[in-house]
Amino acid sequence: MNIKSKNDEFALFNQLSDEWWNENGKFKILHQIKTHRMTYILDQINNRDIKKLKILDVGCGGGIICEPLARLGAKVTGIDFAPNNIKAAKIHSKKNKLNINYIYKDIEKSQLDEKFDIILMFEVLEHLENWKKTIKKIKKNLNKKGIIIISTINRNLVSKIFAINIAENILNWIPSGTHDYNKLIKPQELKITLSKENFNFNNIQGLIFDPLSREWKLSNNYMINYFCTARLIN
C-alpha cells in the first residue's frame, strides 16, 4: 500500500499556488462547485445571521470560499499549510478590499487559540496523516453548539474510477496525484469518529456531475463526493 506523504502533499499545493484564481486553470473545478459549496454552507447555518458568525476555513488554499463568506459579512479566518497558498490568498483579498485573516499554519502540527461558530474542512481530511486525531483536536476551536462542515470523497470502487482514474488522469479536472485512494474516507467512518468526539452527525449530501447538462449538482447520491455537517454537543 503506497500512501502519499505529507511532504508530497505540501510540494504539490505549494507549486500550484499561482493557479488558485485562474478560473480556467488547474483549479477550475473548485470555481465550478463554489456556488454549491456556498449553498450547502448557508443551508446549514439555519437562518442564523451570518454577519454575527466567526468562520474558520481549514485548508483555505487561495481563499475561494473565504472571499464569498467575507462578502456576506462573516468574520473569516483561513489557514493553510502551504505558505504560497496563503500568499496568493492575501494578495487576492487585498486586491478585492476584503478583510480576511489568513494564517500560514499546519493544523496537524500546531493549534489555534481562537474559537469559531463554524469550521469548514473542504477536501482536507483525505490529505491529512491522521484525520481522526485532527477532528479531536479541532473541536476545541468550536464555540458552544458550533458546527463543523466537511466535504470529502467516499472510498469505494466507483470513487476510485471516477474521482481518481477519470477526473485526475483522463479529464484532467484536477492535478494528477491530488488524491490517494487509500486516504479517502467512507461516510460511516466519519460518522463514527464524529460521534466519539461528541458531535451530532445530522446531515449528509452528495455532489455529482451531470454529464447531460455538464454541470455539478447537489444530490442524495454520495457514492463519490459528499458534504456532511456535525454539531458539537455541549
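The values are calculated or read from the model by the stated rules, or taken from the named source; none is laboratory data. Please read these numbers as outputs of a predicted model, since none were measured by experiment. Note: ideal-geometry Cβ built from the backbone for every residue, glycine included; neighbour counts use all protein chains shown.
Points to keep in mind about this one:
- Odd one out for Ser195, checked against (1) at pLDDT 95 or above; (2) under 18 Å from the mean Cα position of the chain (by Cα); (3) polar (S, T, N, Q); (4) surrounded by fewer than 17 Cβ atoms within 10 Å (Cβ to Cβ): (2)
- Qualifying residue in the range 210-217 (condition: out of contact with any Cys (no Cβ under 8 Å at 6 or more places or on another chain) and on the phi > 0 side of the Ramachandran plot): yes
- Each residue in the range 131-150 was checked for being within 14 Å of Leu190 (Cβ to Cβ) and of a type in the set (S, T, N, Q), and 1 of them qualify.
- Within the range 7-32, the set of residues being within 22 Å of Phe81 (Cβ to Cβ), modelled with pLDDT of 85 or more, assigned to a loop (DSSP other than H, G, I, E, B) and not aromatic (Phe, Trp, Tyr) comprises just one member, Asn22.
- Scanning the range 128-172 for residues that are surrounded by fewer than 17 Cβ atoms within 10 Å (Cβ to Cβ), β-branched (Val, Ile, Thr) and free of Cβ contacts under 8 Å to residues at least 24 places away in the same chain yields a count of 3.
- For the condition modelled with pLDDT of 95 or more and within 23 Å of Ile65 (Cα to Cα), Phe227 qualifies.
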